[in-house]
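Here the structure is laid out as structure tokens; the discussion comes afterwards.
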Amino acid sequence: MGFPTIRPRRLRVTASMRELVRETTLAPSDFVYPLFFSATATSPVPITTMPGISQLPVSHAREQAKEIAKRGVRSVLLFGLPKTKDPRGDSGCDPDGPVPRAVAEMKSAVPELVVITDVCVDEYTDHGHCGILRTRKDGAIEVDNDATLDVLARMSLMHARAGADVVAPSDMMDGRVGHIRAALDGESFETTAILSYAVKYASAFYGPFREAVNVQIAQGDRAGYQMDPANAREALREAALDEAEGADMLMVKPALAYLDVIAAVRARTNLPVAAYNISGEYSMVHAAAAAKMIDLDRAVMEVLTSIRRAGADLILTYHALHAAEILAR
């Protein structure tokens, strides 16, 4: 049988009918809200390329936690802006740094909030790379993968001691998940989970984030450790390696240009899959809305639904509070 007996539009006639048969749904608890805490700011510093997002003083951490929880969002991801930077990113391991202080404040204010910390040295190095640099025999500068692992492990331990529920290494160094897992277990932090940035591409869409964390790459680029945007099978290899090393959750970053990769990773693992709706993706939507090209609310929900539909169990997004507000209407 075909038309006129079969009419798919019957299930689209009313809003209630469409909701009844909806395949993909969103809830505030699906979102992880990224936050930037500064060691030097005394009041919020707006990020000009990311409307509505600011660098925050640590003194605002408690109220932020309460407001986020009030909106129904249950998870946050913390980044830090230190007082000083050096070649090794040692300030990233300072127990009095902005991230551990913010972790402690947020967990004290809202104990049930899931606090995730970004583990990477790019915010803390004076050269802006995600690892310790070395000079090869031919004079070229490169990131020293193995020397970076110890710094990442120390940073993870420091975050765990502060009360972080989850550490999220974003550096793309080989072997870092296993190294961090061994360090955490060795200090009796067996219950601290690892959300691995397992599949992180060398993307053009990170631009606004560089302003958010005050990172400038002094020389070279990150193509030597972040993934080639042309590769999809490699993503499955990276995800499988991190899972074998002990990752508890896997992330794909960015999200919108890599929906196929999210779906492929989802099909190959039983672990929770996260996707990071990154700064450039966020800022493009706001820029288009400001130019009156699109409706902001509808575009935000369409973007987040597409990421969820592709297979993401959780979505890291700067739209989190806005989306939660829309869902509550």
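The values are calculated or read from the model by the stated rules, or taken from the named source; none is laboratory data. On a predicted model such as this, the values are computed, not experimentally measured, just so you know. So basically every Cβ, Gly included, is an ideal-geometry build from the backbone, and we count neighbours across all protein chains shown. Remember, those area values only see protein heavy atoms, side chains included, never the ligands or the DNA or RNA. Shrake-Rupley method; radii C 1.70, N 1.55, O 1.52, S 1.80 Å.
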Quiz item: Considering only residues of segment 251-269 that are part of a helix (DSSP H, G or I) and open to solvent by less than 10 Å² (accessible area, probe 1.4 Å), which is farthest from Y318 (Cα to Cα)?
Solution: V265
Quiz item: Could you say whether any residue in segment 29-41 is in contact with an Asp or Glu (Cβ under 6 Å, 6 or more places away or on another chain), closer than 30 Å to D171 by Cα and not in a helix (DSSP H, G or I)?
Solution: no
Quiz item: What are the residues in segment 182-205 that are surrounded by fewer than 22 Cβ atoms within 10 Å (Cβ to Cβ) and either of a type outside the set (A, V, I, L, M, F, W, C) or part of a loop (DSSP other than H, G, I, E, B) (or both), if any?
Solution: D185, G186, E187, S188, F189, E190, T191, A202, S203
Self-check item: Number of the condition not met by A65 [criteria: (1) open to solvent by less than 60 Å² (accessible area, probe 1.4 Å); (2) at positive phi; (3) not hydroxyl-bearing (S, T, Y)]
Solution: (2)
Quiz item: Tally time: how many residues in segment 270-310 are exposed (fewer than 15 other Cβ atoms within 10 Å of the Cβ) and under 25 Å from D118 (Cα atoms)?
Solution: 1
Self-check item: Scope segment 221-245; condition of a type in the set (A, V, I, L, M, F, W, C) and either over 15 Å from A255 (Cα atoms) or surrounded by 19 or more Cβ atoms within 10 Å (Cβ to Cβ) (or both); matching residues
Solution: A223, M227, A235, L236, A239, A240, L241, A244
Quiz prompt | Which numbered condition F36 fails, given (1) within 18 Å of the chain's Cα centre (by Cα); (2) open to solvent by 60 Å² or more (accessible area, probe 1.4 Å); (3) hydrophobic (A, V, I, L, M, F, W, C) | solution = (2)
Quiz item: If you check every pair at least six apart or on different chains, which have Cβ atoms under 8 Å apart with a residue in segment 224-246 that is under 16 Å from A168 (Cα atoms) first and a residue that is at pLDDT 95 or above and among the aromatic types (F, W, Y) second?
Solution: Q226/Y201
Quiz item: Given the conditions (1) part of a helix (DSSP H, G or I); (2) in contact (Cβ under 8 Å) with a residue 12 or more places away in the chain; (3) open to solvent by 30 Å² or more (accessible area, probe 1.4 Å), and given that I217 satisfies all but one, which numbered condition is not satisfied?
Solution: (1)
